[in-house]
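No value in this document is a laboratory result; all are computed from the given coordinates. All of these numbers come straight from a predicted model, not from anything done at the bench. We place every Cβ from the backbone using ideal geometry, glycine too, and count neighbours over all the protein chains shown.
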Amino acid sequence: MSKQVVHSIDVILKKRDGRELSDVEIRAFVQGVVREEVSPARIAAWLMAVFQRGMSARELAALTDAMRGSGEVFDATGLGKFTVDKHSTGGVGDKTSLLIAPIVAAAGLAVPMISGRSLGHTGGTLDKMETIPGFRTQLSMREFYDVIADCGACMIGQTPTLVPADRILYALRDHTGTVESPNLITASIMSKKLAEDLRGLVLDVKVGSGAFMPTYQASRELAELMVKTGEAAGCRTVALLTGMDEPLGRFAGNWVEVWECVDVLRGQAHPLSEDMVSLSLTLSGWMIFLGGLAGSADEGRVIAARVLQDGSAWRVWLRMVELQGGDATVFETPSSHHEPGVTRVLCASRSGYLAGMDCKEVGWAVQRLGAGREVPGGPVSADAGIEMHAKVGDFVAAGAPLITLFADREQQLEEPERMLRGTLRFSDEAVEQVELVREILAR
Ligand code: URA
């Protein structure tokens, strides 16, 4: 049988006119993109056509699969364990990955975790892990495999050969106003996750003022698309819609978030970490359930809490850090490894209940303190960040500390302080507490 010849211009015209693309057409187009046979102008036109016309579930599954297969993929066959990961759409102080990887590995599953860097107002797992002296996040697929085979988990960055199609498409989306397409976001995220050879995936889709998507409905639609796409690819996928209306836990930044997780793993959790620990256990519980080690997500949560409490997760963490070249002696006194150039405490100007904030504004304040990037590829400060002294719903007396700001230089404090002061809201009335997990989308 002769091979069908696909012309990229025909793929663009078909999508522009709202017709459904075949799997063959989608695969050929993605291959042409990676081989640099399709010009950036044509890719841009196609992206806009997809943005405007959308995609059917079948087209989205085909696009995700073609992108996943556009480069090297991880092969977990020899591990002999169920592979499972968690993906978050990004938040402020969202450090759950640092707890989840060792917890789920300690429970007996394999966690091949390929994470990202800070983006916009949100923090990045890689930037946090790289504050551990010597810790390597750029590993080959072979090294990645070996670390997982040894301790059950490994946390690395995207390799240059993993899903190269996403790198090209993402860069052009940024230039063509097509970043916000739910189909393109889904294909981007899911192609990278499925390249980890996962059999289970738990998605933490954020909702609220600090979320990536603008409305609850938009977050929900994205979650649904990702669940359907994961399931269509044979990966058990669950999405939890969770609140991002205030920073998760006690700290937001880079080293400070590692410090917070080390305290939790060693059984010395700070009371302000409670929401973060609870969410980490819930997400771990779902992963353990998907992996068949528990009869329900609640039962999985009990297992997660046990391996955290009995020190097994801490041992996995130490082993993983050692195998990735990190110096674990910094965990002995994490506070003394935190050396910000300047510190400023923001105090309450009145008594009242902390009623809320624009969490995105808090994230941007953390970025401007130096914990996030000014420009793509730019540096981040290990020590910059914030410490929250109160959570939404807490009563604070006038003059009590609310937030401590950390930065490398004095000049970096002014604007973030103004932003934080401007966004915190107070109330004379007690504030209703809302559950962090708002909704669960499962097959
Ligand atoms: N994260 C990704 O990896 N891709 C997107 O398109 C959006 C968020």
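Some notes on this structure:
- Distance between the stretch 90-104 and the stretch 106-132 - C-alpha centres, whole angstrom: 7
- Residues considered: H175, H87, H389. Largest GNM mean-square fluctuation over the chain, using C-alpha springs under 10 Å, is found at H175.
- In the chain, taking the dipole from charged Cβ atoms about the Cα centre, the farthest positive-side position among Y216, F331, G363 is held by Y216.
- Amide H to amide H, with H built 1.01 Å from N, G90 comes under 5 Å of K206, counting only residues 5 or more places away or on other chains.
- In terms of packing, defined here as the mean over residues of other Cβ atoms within 10 angstrom, the peptides 25-31, 216-222 line up highest first as 25-31, 216-222.
- Selection from G399, L109, T125 lying farthest towards where the dipole of the chain points positive, charges on Cβ: L109
- The mean sequence separation of alpha-carbon pairs under 8 Å and at least six residues apart, normalised by the residue count of the chain, gives a relative contact order of 19 percent.
- Between the C-alpha center of the stretch 36-82 and that of the stretch 190-241 there is a gap of 16 Å.
- Total formal charge among the other residues, if their Cβ is under 15 angstrom from that of G80, Lys/Arg +1 and Asp/Glu -1: -2
- A Förster distance of 51 Å, applied to the separation of the beta-carbon atoms of Q4 and V437, puts the FRET efficiency at 0.65.
- Distance histogram for the stretch 337-427 (every C-alpha pair counted, 10 angstrom bins, percent rounded to whole numbers): 18, 48, 27, 7, 0
- When V366, V264, V437 are sorted by how many other C-beta atoms sit within 10 angstrom of their C-beta, beginning with the fewest, the order is V437, V264, V366.
- Alpha carbon centroid spacing (whole Å) that separates the stretch 244-282 from the stretch 347-396: 15
- Label-zone membership for the stretch 212-232, site L119, 7 angstrom Cα→C-beta point, backbone N under 18 Å: 212-215, 218-227, 229-230
- Here the gap between S349 and Q52, fully extended at 0.36 nm per residue and compared with their Cα-Cα distance, gives a gain of 102.1 nm.
- Within a straight-line Cα-Cα reach of under 20 Å, K360 can be paired with the following lysines, leaving aside sequence neighbours fewer than 8 residues apart in one chain: K95, K128, K206, K391.
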